[in-house]
1. Taking only Cα atoms, what is the 0 to 90° angle, nearest 10, from helix 47-84's long axis to the longest principal axis of the chain?
2. Using only alpha carbon pairs under 8 Å that are at least six residues apart, calculate the relative contact order of segment 2-81 and give it in whole percent.
3. What ³J(HN,Hα) values, in whole Hz, does the Karplus curve 6.51 cos²θ - 1.76 cosθ + 1.60 give for segment 10-16 when θ = phi - 60°, with x put for Gly and Pro?
4. Counting just the Cα atoms, what span does the chain cover along each of its three principal axes? Round to the nearest Å and put the largest first.
5. Where does the charge balance sit around Gly71 when Lys and Arg score +1, Asp and Glu -1, over other residues with C-beta under 13 Å from its C-beta?
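Please treat every number below as a calculation from the coordinates, not as lab data. None of the values given here were measured: they were computed from a predicted structure. In this analysis, Cβ positions are derived from the backbone assuming ideal geometry, glycine residues included, and neighbour counts consider all displayed protein chains.
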Amino acid sequence: MESDILIFAFQQGAIVTGKILTPLLTAMIGIGVTISIVQVVTQVNDATLTFVPKMLVLYGLLFAMGHRLLGELAMLIRTLWDFSGI
C-alpha cells in the first residue's frame, strides 16, 4: 500500500510540474531564440540584452498565470491528501 501512494505521488508531481513549467520554459526558449537572432543580425553581444527581457517575460507570465499555477499546486496537494487517507 505504501508503494502505491509513493508511485501515485511521484506520478502526479511529475504531471503537475510539466503543466507548470511548460508555458514558462516555452516562453523563455522563444525569447532566447529571438534575442539570439537579433544579436547575430546586429552583432551586439551584451549579457543584459538577454537577461532583462527574459526576466520581464517571466515576471509577466507569473503575474498573468500565477493564479492558475497555484491552483494546480493546490489541486495536487488536495489529491495527494485524499489519496493518502490521513
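1. 10 degrees
2. About 45 percent, as a whole number.
3. Along segment 10-16, the couplings run 5, 5, 5, x, 5, 5, 5 Hz.
4. Here the spans come out as 60, 24, 15 Å, largest first.
5. Computed value for this residue: +2.
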